[in-house]
1. Starting at the first residue of the range 273-288, write each ³J(HN,Hα) from the Karplus equation 6.51 cos²θ - 1.76 cosθ + 1.60 with θ = phi - 60°, in whole Hz, x for Gly and Pro.
2. Of the beta bridges DSSP finds with both residues in the chain, what % are antiparallel, to the nearest 5?
3. Of the options 349, 302, 320, report the single residue whose Cα projects farthest towards the positive end of the charge dipole of the range 297-358 (beta-carbon charges: Lys, Arg +1; Asp, Glu -1).
4. Please list, ordered by chain and number, the residues whose modelled amide H lies under 5 Å from the amide H of residue 307; skip anything fewer than 5 residues away on the same chain.
5. Against the globular-protein guess of 2.2 N^0.38 Å, express the Cα radius of gyration of the chain as a ratio, rounded to two decimals.
6. Note the angle between two axes, namely the Cα long axis of helix 216-229 and the longest principal axis of the Cα atoms of the chain, as a number of degrees from 0 to 90, rounded to the nearest 10.
7. Identify which of 383, 374, 126 has the largest mean-square fluctuation in a Gaussian network model of the chain, with springs joining Cα atoms closer than 10 Å.
8. Could you tell me which residue out of 186, 198, 138 lies farthest along the dipole of the range 122-264 toward its positive end? Charges go on the beta carbon: Lys and Arg +1, Asp and Glu -1, centred on the Cα centre.
Amino acid sequence: MARRRVVVVGSGFAGYNAAKELADQVSPDHVEIVLVNPTDYFLYLPLLPEVAAGIVEPRAVAIPVPGKLRNVRLILGDVRHVDTDAHELTYVDPENTKRALTYDKLVLSVGSVNKLLPIPGLAEHGHGFRGIPEALYLRDHMTRQIELAAATDDQQERDARCTFVVVGAGYTGTEVAAQGHLFTTMLARQRPELSDQPIRWLLLDTAPRVLPGLDERMSKEADAVLRRRGVEVMTETSISEATKEGVVLQDGTDLPTRTLLWCVGVRPDPLVESTGMETVHGRLVVDEQLQVPGFADIFACGDAAAVPNPRDPGELCPMTAQHAVRQGKVAGRNVAASLGYGTPRRYRYRDLGFVVDLGGKDAAANPLHIPMSGLLAKVVTRGYHLVAMPGNRARVALDWVADALFSRQRVQLGLVRSGVVPLDTAAPEYPKLLSDDEDPLGVERR
Ligand SMILES: Cc1cc2nc3c(=O)[nH]c(=O)nc-3n(C[C@H](O)[C@H](O)[C@H](O)COP(=O)(O)OP(=O)(O)OC[C@H]3O[C@@H](n4cnc5c(N)ncnc54)[C@H](O)[C@@H]3O)c2cc1C
């Protein structure tokens, strides 16, 4: 029997689990599993705000794929094209060489990217928050703003540098604002020049409440914690313009700032649309076995897939890590079944609640839909993350202990400059593909 090749694109929550489940089900003698991802790690995104705040080190949230996934071959690459007729995909490797890879079965689990809106200046002056580069950039940027504010005698400039604007009060924006406010306040306390200087954080959302997609009790808790600390929560509003010097709010107010964080939801990775297969809201249409209708060899899962929500007929599963993990496992199992190992399953999952870390001793959580707040929620939140991470648990736990015992490191390393983390991008890890004329090596086939 010829060895079959399954290619999984993307090693996020969905792809990592799909590859793992598949490897558990099939014989490596008969099935080769190839995972294509721009980096050699699975990124545990929910702890990224803690990386930006200097609590957790970046390598702790990056779980290495080699060594973790048995019988899975990792290929570093950014997939740019899928030819469904030829069963071949084209990707760009870290040295910008265009290569091709054939597949017998394909799992698309490429996740999502920042969602941009047509607001003047946003793409140039806003920053997203989706990866380690953005988190490192933000940590340095916040530190730099506080240092530059302390160094200037110009009060207007100082006010602008000490004003931080976050647009989007979903879990990402809310956690970034909560952690960022505590971090910058701590930095400012070390600078006598800023002893009377207010540190302003504004959290904006067009929805009537923070955490609009989550349980109302969690919203109230997060709202109360943020306001108690002095974060200016502004609902039912957004910005109408962004410039180098600040933003304009929708009511026309000019707000001088050097920091605009854009956390307004996500959209599926554009690779999905480029395949030409049917999409809904940019997500690849799949059936309840996560198979693409009309393409017996293609499966999709996670944020990139329009998975019917078994609990809410007619609706799609939300784009959350919990769903992506479970969908990945089902996709892996069903690919195995399509190769003669076991039987396929339908995707069925009831979410188990949500956790939102608000920094300090605060969190909002509803495990098994039981509402919790304060220290108890914090313990549950951290415990949940440790259980949910597929590796590096001890590293993360040690970082938490270190943060409780020592004062936080407050230097900037300057490794990630603003231009490296543009907002108007699907965040390609590698430079844009050269045109065929420019690419001296052409396509290398495997
Ligand atoms: C800051 C932040 C915090 C979050 N916190 C939570 C939370 O607390 N709880 C929760 O449930 N959800 C949370 N989410 C959402 C959750 O992380 C996503 O729903 C989840 O990551 C989706 O999993 P996925 O596998 O579909 O995509 P991802 O985890 O994003 O993985 C996609 C992978 O595909 C790779 N990829 C993309 N394009 C290509 C390509 N062309 N070629 C090859 N590889 C490619 C990417 O590099 C990545 O490794 C958070 C998201 C963010 C950004």
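1. 4, 5, 6, x, 7, 5, 10, 9, 6, x, 9, 6, 5, 9, 8, 6
2. Working: 31 of 68 bridges.
The antiparallel fraction comes to roughly 45 percent.
3. It is 349.
4. Hits under the 5 Å cutoff: 317.
5. 1.00
6. 40 degrees
7. 383
8. It is 186.
Since every read-out is calculated from the coordinates, none of them should be taken as a lab result. What you see is a predicted model, and the numbers here were worked out from it, not measured in a lab. Glycine also receives a Cβ, built like all others from the backbone with ideal geometry; neighbour counts cover every protein chain displayed.
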